[in-house]
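Undergrad: Dumping the structure here so I can ask a few things about it.
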DNA sequence: TTATCTTAGAAACTCGATTTTTAAAGCAAA
DNA sequence: TTTGCTTTAAAAATCGAGTTTCTAAGATAA
């Protein structure tokens, strides 16, 4: 359509002047400025972003790498990042890796081609090679809970310990001692970090007590499987409480326990992790460790932009707090008779939303 | 970093030749091609997308406009669109409007500046002015259920009638006659279209019977309010079934009915709309009209790309089917005693996942 | 009146590709 | 050997900005 030349001709000035008016990069007299502005209107002129990026070397695009937008963990995070980017005048290119490393690699390549101003990596399908590639191009990157820090690399470090400690203390206050943990798939760093936070706190409170760790996969189905394993292997002395590596796992576990005739939270208290929107709507509503996705997203963009502004400075490491949200899936421990475990019983009505 | 010139120098050829090798746009002898390829490797060369876009006038970017990614309707749709775009080599810039027209307008401006190849508008905060702006720039657009068709404008038309008819026939088969409807906020075209599909089918089946329409807002809280209104205004003769404009509304209504001592589906059958992932996980699991988001997303990109390929052709109108998914929130109608409505009663255990 | 300093605008160059034009070989036919 | 055609690749123009340098006009001071 119409270019800066058309505007310049229309206003009877040079293209340089138009550029200076648009970017405020040199003084232009009020009269000329007004004339230029009017011509811009008249021509319905929108500056071509590619030409600008090419000339200036800056793209005002942020790359956002996530695993799966359909995983309820991500939408709110994406929303926060998108909002923060919008406010600072950046566009967000979304990359949904589907947990696929090759796809991730393609996206990193595209990001480089588009000369993105920065990349937020909110997933772990990012191997050393890709990270190096970005480092080599000096693209600022912010990792969620993954990364090494570096010249252009920042890291958001979620303080899992804080929330998990609150969770365990909450259970202990309710009288629980036998507390099991259902982990996420242990290949993922975040699963390992969460597990470690759990065991560390437990060992501190109950030194030497053997741990009750079961394997899930961050999905509902994994929670269900783990619950079954708990029922099978611990039948003689069931844990009175279960902490799950994320909310989906907790939801799966709750369901499996209920199917097997247990009442949540009367027989077993359950605590989730993440505080996804859905967790307030389950029955019973889930007591869970809140991960402040909103803050996470905001900080991610903040850190990225500060790296962009001062490319010479070292990346930052930001601590993200977590805290316990108490709802209806936890209750005081109850003296349990062995017979209860086997027999079905009615559920109690409970307020959930 | 390194540009096409470096590669050309390294390979001892002109930049034109490098370009032709990359894009396969002219014959290049095997020997020269091999030399060029090697230089590309050696220089770790990635073509600059901005320069390409500027020179070619094509951006390989799609703009995606949605209302709110945290609304469970959208993630799966976004995922499908992103996947389809990725497969065709397009990047997706996400625009989350937050139902804000001004923000939408900003985004449209940015899309134009970025010379996007096409825009998928999956929301309705898009007024005539913006649509015209896009039309003026000849940017292909695909609307969800909103738009007029035009030279570069396509439309995905969801066949609400189909699914709603199945829903009503399902209820009728279960013996229901008094069927209420909770609408979305009526300012939204999609709310009007859904409502119209409901009333049309009802009038066809039960001509002249007065309609039971209540107002919601597509949110949980609106469903709750509407349920309350139903209880208040229809206490003497409650509907035996309720169709909700979307799943969130249905979930809110279920909860409010339950709080008031009704059992779902024993006392009232409820049907949602959209089949969001969550709807399979509620208790009772929601019978709902499925909107095939995956197909929707895929078709959106398809239509857009075909408009991009043949800019001279008229836009398309694609019908998107809907169908009923039967779960646990609907049951045969039951002869009801007035006393039941007022007294609390225990819930029955039900399989939900 | 002349010299100096401001100010604003024009012109030229740059970014890194694509695309069009031009030219150099290579080969066949006359 | 020359002409003409084909094949191949180089050279140059172009896209639409930003940016730097240069120049002209006007203001100010000596």
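The values are calculated or read from the model by the stated rules, or taken from the named source; none is laboratory data. If you're wondering where the values come from, they're calculated on a predicted model, not measured in any experiment. Backbone-built Cβ (ideal geometry, glycine too); neighbour counts: all protein chains shown.
Undergrad: Is it fair to say residue A:240 is in contact (Cβ under 8 Å) with a residue 60 or more places away in the chain, under 21 Å from the mean Cα position of the chain (by Cα) and crowded, with 21+ Cβ neighbours inside 10 Å?
TA: no
Undergrad: Which condition does residue A:282 not pass, out of (1) buried (at least 23 other Cβ atoms within 10 Å of the Cβ); (2) within 14 Å of chain B (Cβ to nearest Cβ); (3) assigned to a helix (DSSP H, G or I), if it passes all the others?
TA: (3)
Undergrad: Tell me yes or no: at least one residue of segment B:97-112 is closer than 21 Å to residue A:61 by Cα, outside any helix (DSSP H, G or I), within 18 Å of the chain's Cα centre (by Cα) and within 13 Å of chain A (Cβ to nearest Cβ).
TA: Yes - at least one qualifying residue is present in segment B:97-112.
Undergrad: Restricting attention to segment B:28-44, and to residues there that are assigned to a loop (DSSP other than H, G, I, E, B) and in contact (Cβ under 8 Å) with a residue 24 or more places away in the chain, which single residue is nearest to DNA strand C (Cβ to nearest atom)?
TA: Checked segment B:28-44; the qualifying residue nearest to DNA strand C (Cβ to nearest atom) is B:43.
Undergrad: Would you pick out the residues in segment B:8-17 that are in contact with a helix residue (DSSP H, G or I) (Cβ under 8 Å, 6 or more places away or on another chain) and more than 7 Å from DNA strand C (Cβ to nearest atom)?
TA: Those that are in contact with a helix residue (DSSP H, G or I) (Cβ under 8 Å, 6 or more places away or on another chain) and more than 7 Å from DNA strand C (Cβ to nearest atom): B:8, B:10, B:11, B:12, B:13, B:14, B:17.
Undergrad: Looking at (1) outside any loop (DSSP other than H, G, I, E, B); (2) farther than 28 Å from residue A:139 by Cα; (3) more than 12 Å from DNA strand D (Cβ to nearest atom), which one does residue A:72 not meet, given that it meets all the others?
TA: The one condition residue A:72 does not meet is (1).
Undergrad: Also: Output the residues belonging to segment B:15-25 that are surrounded by fewer than 18 Cβ atoms within 10 Å (Cβ to Cβ) and more than 14 Å from every other protein chain (Cβ to nearest Cβ).
TA: Within segment B:15-25, B:15, B:16, B:24, B:25 meet the criteria.
Undergrad: Regarding residue A:94, is this residue assigned to a strand (DSSP E or B) and farther than 26 Å from residue A:275 by Cα?
TA: So residue A:94 fails the test.
Undergrad: Are any of the residues in segment A:218-241 in a loop (DSSP other than H, G, I, E, B), within 28 Å of residue A:121 (Cβ to Cβ) and in contact with a helix residue (DSSP H, G or I) (Cβ under 8 Å, 6 or more places away or on another chain)?
TA: Within segment A:218-241 (the criterion being in a loop (DSSP other than H, G, I, E, B), within 28 Å of residue A:121 (Cβ to Cβ) and in contact with a helix residue (DSSP H, G or I) (Cβ under 8 Å, 6 or more places away or on another chain)), the answer is yes, since at least one residue qualifies.
Undergrad: Scanning for something surrounded by 17 or more Cβ atoms within 10 Å (Cβ to Cβ), closer than 21 Å to residue B:306 by Cα, away from chain A (no Cβ under 14 Å) and modelled with pLDDT of 95 or more, does segment B:117-135 turn up at least one residue?
TA: Checked segment B:117-135: at least one residue is surrounded by 17 or more Cβ atoms within 10 Å (Cβ to Cβ), closer than 21 Å to residue B:306 by Cα, away from chain A (no Cβ under 14 Å) and modelled with pLDDT of 95 or more.
Undergrad: Let me ask another. Picking from B:62, B:77, B:94, which residue would you name as being crowded, with 19+ Cβ neighbours inside 10 Å and within 18 Å of residue B:146 (Cα to Cα)?
TA: B:77
Undergrad: Given the conditions (1) within 12 Å of DNA strand C (Cβ to nearest atom); (2) more than 18 Å from residue A:143 (Cα to Cα); (3) under 34 Å from the mean Cα position of the chain (by Cα), and given that residue A:86 satisfies all but one, which numbered condition is not satisfied?
TA: Against the list (1) within 12 Å of DNA strand C (Cβ to nearest atom); (2) more than 18 Å from residue A:143 (Cα to Cα); (3) under 34 Å from the mean Cα position of the chain (by Cα), residue A:86 comes up short only on (1).
Undergrad: Please determine whether any residue of segment A:23-33 is within 12 Å of DNA strand D (Cβ to nearest atom), at pLDDT 90 or above and touching a helix residue (DSSP H, G or I) at 6+ places or on another chain (Cβ under 7 Å).
TA: No: segment A:23-33 contains no residue that is within 12 Å of DNA strand D (Cβ to nearest atom), at pLDDT 90 or above and touching a helix residue (DSSP H, G or I) at 6+ places or on another chain (Cβ under 7 Å).
Undergrad: Just to be sure before I move on: is residue A:44 more than 10 Å from DNA strand D (Cβ to nearest atom), within 12 Å of chain B (Cβ to nearest Cβ) and closer than 26 Å to residue B:116 by Cβ in the structure I sent?
TA: Yes.
Undergrad: Out of everything in segment B:26-43 that is over 12 Å from residue B:7 (Cβ atoms) and surrounded by 10 or more Cβ atoms within 10 Å (Cβ to Cβ), what residue ends up being farthest from the chain's Cα centre (by Cα)?
TA: Once the filter is applied, the top-ranked residue is B:32.
Undergrad: Something else about it: Take residue B:25 and decide whether it is within 9 Å of DNA strand C (Cβ to nearest atom) and in a loop (DSSP other than H, G, I, E, B).
TA: The answer is yes for residue B:25.
Undergrad: Only one residue in B:49, B:70, B:80, B:84 is under 30 Å from residue B:251 (Cα atoms), modelled with pLDDT of 95 or more and within 14 Å of chain A (Cβ to nearest Cβ). Which one?
TA: Testing whether each residue is under 30 Å from residue B:251 (Cα atoms), modelled with pLDDT of 95 or more and within 14 Å of chain A (Cβ to nearest Cβ) leaves just B:80.
Undergrad: Moving to a separate point now. Going by the conditions given, is residue A:11 away from DNA strand D (no atom under 12 Å from the Cβ) and surrounded by 16 or more Cβ atoms within 10 Å (Cβ to Cβ)?
TA: yes
Undergrad: Need the failing condition index for residue B:232 against (1) away from chain A (no Cβ under 14 Å); (2) crowded, with 16+ Cβ neighbours inside 10 Å, just the number.
TA: For residue B:232, the failing item is (2).
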